[in-house]
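Down below is the structure, laid out as structure tokens.
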Amino acid sequence: MEKFRCRWCEYDADLIHYHDKIWGTKRETDDELFEALTFEIFQAGLKWATVYRKRDGFKRAFANFTIQRVAQFDDAKKKKLKEDATIIRHTAKIAATVYNAQQLLTIQKQYGSFKNFLDVVPPENRIEQLCAYFKQVGKTTAESFLIACGYLPTQHEKRCYLYTKSEEEKI
């Protein structure tokens, strides 16, 4: 029997895998959370598939999303990234990724980890706090990040095999 999924992932094996196995699941490490946040930032204004297909390039370019390393990227490294065709070459988003890594170091000092920060901040304040701490993070990006990382419920279409009746309460 064929499984029906949300339309945004149909007919694309990578997106089906993301939809079925990754989207809406808690990330275990701060580097994984940083990766998810970065992908949401780069996705703003683009189709998710565009960013997701470049994930290997992003991982290589941003030191496998190792916060400590990205926080040390200097202007020469940022300039080199603007020339890297394996990623999306958006000057402000590249700069924001480095800035956000630096902010994450501050959060880690204060809260022990980014994950602790997300767990400690009351759910009704998470979006506001993400917008306050990070560059290129508005309400929609923050909300998408929280959904992607399991801090807000996913919003599957009614036709999707992962949809549950409680989805109606989430909208």
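Does segment 50-62 contain any residue that is open to solvent by 50 Å² or more (accessible area, probe 1.4 Å) and under 28 Å from residue 119 (Cα atoms)? So far as segment 50-62 goes, yes, one or more of its residues are open to solvent by 50 Å² or more (accessible area, probe 1.4 Å) and under 28 Å from residue 119 (Cα atoms). One residue stands out among those in segment 80-102 that are of a type in the set (Val, Ile, Thr) and under 17 Å from the mean Cα position of the chain (by Cα): the one that is surrounded by the most Cβ atoms within 10 Å (Cβ to Cβ), which is 97.
Here's the yes/no breakdown for (1) assigned to a helix (DSSP H, G or I); (2) touching a residue at least 12 places away in the same chain (Cβ under 8 Å); (3) touching a strand residue (DSSP E or B) at 6+ places or on another chain (Cβ under 9 Å); (4) of a type in the set (Phe, Trp, Tyr):
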{"position": "15", "(1), (2), (3), (4)": "yes, yes, no, no"}
{"position": "18", "(1), (2), (3), (4)": "yes, yes, no, yes"}
{"position": "24", "(1), (2), (3), (4)": "no, yes, no, no"}
{"position": "32", "(1), (2), (3), (4)": "yes, yes, no, no"}
{"position": "35", "(1), (2), (3), (4)": "yes, yes, no, no"}
{"position": "38", "(1), (2), (3), (4)": "yes, yes, no, no"}
{"position": "41", "(1), (2), (3), (4)": "yes, yes, no, no"}
{"position": "46", "(1), (2), (3), (4)": "no, yes, no, no"}
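Tell me whether segment 75-90 contains one or more residues that are modelled with pLDDT of 90 or more, among the small types (Gly, Ala, Ser), within 23 Å of residue 126 (Cβ to Cβ) and not in a helix (DSSP H, G or I).
If we filter segment 75-90 for residues that are modelled with pLDDT of 90 or more, which is where we start, we get 75-90.
Remaining after also requiring among the small types (Gly, Ala, Ser): 76, 85.
Okay, now just the ones that are also within 23 Å of residue 126 (Cβ to Cβ), so none.
The answer is no, given that none of the residues of segment 75-90 is modelled with pLDDT of 90 or more, among the small types (Gly, Ala, Ser), within 23 Å of residue 126 (Cβ to Cβ) and not in a helix (DSSP H, G or I).
Given the structure, is residue 35 of a type in the set (Asp, Glu), surrounded by 14 or more Cβ atoms within 10 Å (Cβ to Cβ) and closer than 25 Å to residue 155 by Cα?
Working: of a type in the set (Asp, Glu): yes; surrounded by 14 or more Cβ atoms within 10 Å (Cβ to Cβ): yes; closer than 25 Å to residue 155 by Cα: yes.
Answer is yes for this residue.
Being assigned to a loop (DSSP other than H, G, I, E, B), surrounded by fewer than 20 Cβ atoms within 10 Å (Cβ to Cβ) and among the polar types (S, T, N, Q) is the requirement here; does residue 140 meet it? Answer is no for this residue.
Reported count of residues in segment 47-94, each being of a type in the set (S, T, N, Q) and under 19 Å from residue 141 (Cα atoms), is 2.
Apart from one condition, residue 105 fits all of (1) farther than 16 Å from residue 36 by Cα; (2) open to solvent by less than 80 Å² (accessible area, probe 1.4 Å); (3) in contact (Cβ under 8 Å) with a residue 12 or more places away in the chain; (4) in contact with an Asp or Glu (Cβ under 7 Å, 6 or more places away or on another chain); the exception is (4). Only one of the numbered conditions (1) modelled with pLDDT under 95; (2) open to solvent by less than 60 Å² (accessible area, probe 1.4 Å); (3) under 20 Å from residue 127 (Cα atoms) is not met by residue 30, and that is (1).
The values are calculated or read from the model by the stated rules, or taken from the named source; none is laboratory data. From a predicted model like this one, the values you see are computed outputs, not experimental measurements. Glycine gets a Cβ as well: all are built from the backbone with ideal geometry, and neighbour counts include every protein chain shown. In case anyone asks, the SASA skips ligands and DNA or RNA and just uses the protein heavy atoms, side chains included. Shrake-Rupley method; radii C 1.70, N 1.55, O 1.52, S 1.80 Å.
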